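Contents: one structure, followed by commentary.
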């Protein structure tokens with residue numbers, strides 16, 4: 001199982017559900033017995049897509065974790081899709097050999113020249129598109145698809161985009177330097193079954209745990225168990241595998257000839273700084289806090 005799917009990056013949005021008999025106003029939230037333990041992991045992710053001008057499909061791998069990792073061997077199958085029936089005809093299959101990536105590394109994992117399959121499509125009018133499937137035991141990599149345009153003799157594709165998440169303003173805990181306990185004032189009305197919200201921030205990857213205590217004028221409500229969160233501070237804003245993402249655009253803009261590359265985190269910063277994850281950004285934007293950086 002890919003352990004990185006259970007990891008969270010800053011800002012951590014917490015919800016605590018409480019049940020009370022009488023209406024109360026929670027005046028403060030305390031986090032007790034705070035514990036931070038080392039959390040090291042490799043987080044191998046993928047990007048890429050079809051570059052129309054070069055007629056190549058590029059698979060990009062990057063390590064969004066804080067220790068060295070490997071892609072593992074990736075089985076690649078190239079198929080033609082028939083018009084109408086959508087039947088697949090296998091054209092080729094090969095293995096992309098495992099690569100080792102340092103933290104923050106971005107590499108050209110595999111470059112597929114689609115022009116090698118052009119004659120097959122020209123000689124088979126029922127073939128309307130090419131499909132590239134990636135079989136990886138560690139990660140799920142989206143398949144690549146290119147429509148064959150007989151007028152131009154090119155494989156083509158369409159691009160899309162997805163919206164991001166949002167977080168409301170709630171009590172904010174900066175636990176970067178905390179070792180034992182933190183408490184924040186608040187004013188949240190609870191009655192019957194109610195939800196209490198707060199956010200947590202740290203500056204480094206860790207396994208964070210604490211006991212939650214809610215305080216009112218006449219009562220204290222303490223959680224019965226320790227809350228544990230695996231936090232990893234990623235290297236890049238693009239935290240999940242996707243095709244036609246930030247790194248696809250990075251290569252399109254800075255390496256248009258699709259030459260083999262092995263970029264370090266510092267190189268990516270120089271090329272396009274806004275791709276690098278800013279661990280303070282979410283807290284500054286949503287919790288309205290400032291940091292002495």
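The values are calculated or read from the model by the stated rules, or taken from the named source; none is laboratory data. No experiment lies behind these values; they were computed from the predicted model shown. Every residue, glycine as well, gets a Cβ built from its backbone with ideal geometry; the counts of neighbours run over all protein chains shown.
If you go through segment 34-41 one residue at a time, do you hit one that is in contact with a strand residue (DSSP E or B) (Cβ under 6 Å, 6 or more places away or on another chain), closer than 30 Å to residue 189 by Cα and in contact (Cβ under 8 Å) with a residue 12 or more places away in the chain?
For segment 34-41, residues in contact with a strand residue (DSSP E or B) (Cβ under 6 Å, 6 or more places away or on another chain), closer than 30 Å to residue 189 by Cα and in contact (Cβ under 8 Å) with a residue 12 or more places away in the chain: present.
Picking from 274, 257, which residue would you name as being at pLDDT 90 or above, in a loop (DSSP other than H, G, I, E, B) and not assigned by TED's automatic domain parsing to the domain that holds residue 105?
Answer to the selection: 257.
Assess whether residue 262 counts as being more than 27 Å from residue 25 (Cα to Cα), at pLDDT 85 or above and either in contact with a strand residue (DSSP E or B) (Cβ under 6 Å, 6 or more places away or on another chain) or assigned by TED's automatic domain parsing to the domain that holds residue 18 (or both). I'd like the intermediate steps shown before the answer.
Details: more than 27 Å from residue 25 (Cα to Cα): yes; at pLDDT 85 or above: yes; either in contact with a strand residue (DSSP E or B) (Cβ under 6 Å, 6 or more places away or on another chain) or assigned by TED's automatic domain parsing to the domain that holds residue 18 (or both): yes.
Considered against the rule, which asks whether it is more than 27 Å from residue 25 (Cα to Cα), at pLDDT 85 or above and either in contact with a strand residue (DSSP E or B) (Cβ under 6 Å, 6 or more places away or on another chain) or assigned by TED's automatic domain parsing to the domain that holds residue 18 (or both), residue 262 comes out as yes.
Out of all the residues in segment 89-99, is one or more under 21 Å from residue 248 (Cα atoms), in contact with a helix residue (DSSP H, G or I) (Cβ under 8 Å, 6 or more places away or on another chain) and either in the same structural domain as residue 52 (by TED's automatic domain parsing) or part of a strand (DSSP E or B) (or both)?
No, segment 89-99 contains no residue that is under 21 Å from residue 248 (Cα atoms), in contact with a helix residue (DSSP H, G or I) (Cβ under 8 Å, 6 or more places away or on another chain) and either in the same structural domain as residue 52 (by TED's automatic domain parsing) or part of a strand (DSSP E or B) (or both).
Okay, residues lined up against (1) assigned to a loop (DSSP other than H, G, I, E, B); (2) in contact (Cβ under 8 Å) with a residue 24 or more places away in the chain; (3) surrounded by 15 or more Cβ atoms within 10 Å (Cβ to Cβ):
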| position | (1), (2), (3) |
| --- | --- |
| 13 | no, yes, yes |
| 21 | yes, no, no |
| 25 | no, yes, no |
| 31 | no, yes, yes |
| 46 | no, yes, yes |
| 50 | no, yes, yes |
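Return the residues of segment 142-169 that are at pLDDT below 90 and either more than 29 Å from residue 118 (Cα to Cα) or surrounded by fewer than 12 Cβ atoms within 10 Å (Cβ to Cβ) (or both); say none if nothing qualifies.
158, 159, 160, 161, 162, 163, 164, 165, 166, 167, 168, 169
How many residues does segment 244-257 contain that are more than 14 Å from residue 47 (Cα to Cα) and either touching a residue at least 60 places away in the same chain (Cβ under 8 Å) or in contact with a helix residue (DSSP H, G or I) (Cβ under 6 Å, 6 or more places away or on another chain) (or both)?
Summing the residues that are more than 14 Å from residue 47 (Cα to Cα) and either touching a residue at least 60 places away in the same chain (Cβ under 8 Å) or in contact with a helix residue (DSSP H, G or I) (Cβ under 6 Å, 6 or more places away or on another chain) (or both) in segment 244-257 gives 3.
If a residue has to be surrounded by fewer than 19 Cβ atoms within 10 Å (Cβ to Cβ) and modelled with pLDDT under 90 to count, how many in segment 198-214 make the cut?
First, pick out the residues of segment 198-214 that are surrounded by fewer than 19 Cβ atoms within 10 Å (Cβ to Cβ): 203-204, 207, 209, 211, 213.
Filter again for modelled with pLDDT under 90, leaving 203-204.
Of the residues in segment 198-214, 2 are surrounded by fewer than 19 Cβ atoms within 10 Å (Cβ to Cβ) and modelled with pLDDT under 90.
Look through 230, 181, 217 and report the one residue that is in contact with a helix residue (DSSP H, G or I) (Cβ under 8 Å, 6 or more places away or on another chain), in contact (Cβ under 8 Å) with a residue 12 or more places away in the chain and outside the structural domain of residue 56 (by TED's automatic domain parsing). Show your work before the answer.
Details: 181 fails: in contact with a helix residue (DSSP H, G or I) (Cβ under 8 Å, 6 or more places away or on another chain); 217 fails: in contact with a helix residue (DSSP H, G or I) (Cβ under 8 Å, 6 or more places away or on another chain).
Exactly one of 230, 181, 217 is in contact with a helix residue (DSSP H, G or I) (Cβ under 8 Å, 6 or more places away or on another chain), in contact (Cβ under 8 Å) with a residue 12 or more places away in the chain and outside the structural domain of residue 56 (by TED's automatic domain parsing), namely 230.
Condition first: within 33 Å of the chain's Cα centre (by Cα) and not in a strand (DSSP E or B). Now tell me which residues in segment 118-157 satisfy that.
Selection gives 136, 137, 138, 139, 140, 141, 142, 143, 157.
Which condition from (1) touching a helix residue (DSSP H, G or I) at 6+ places or on another chain (Cβ under 8 Å); (2) free of Cβ contacts under 8 Å to residues at least 60 places away in the same chain is the one that residue 128 breaks?
Just one mismatch for residue 128, condition (1).
Given the structure, is residue 69 in contact with a helix residue (DSSP H, G or I) (Cβ under 6 Å, 6 or more places away or on another chain), closer than 21 Å to residue 264 by Cα and surrounded by 16 or more Cβ atoms within 10 Å (Cβ to Cβ)?
The answer is no for residue 69.
May I ask you to say which residue of 139, 192 is modelled with pLDDT under 90 and either more than 28 Å from residue 277 (Cα to Cα) or in the same structural domain as residue 10 (by TED's automatic domain parsing) (or both)?
192
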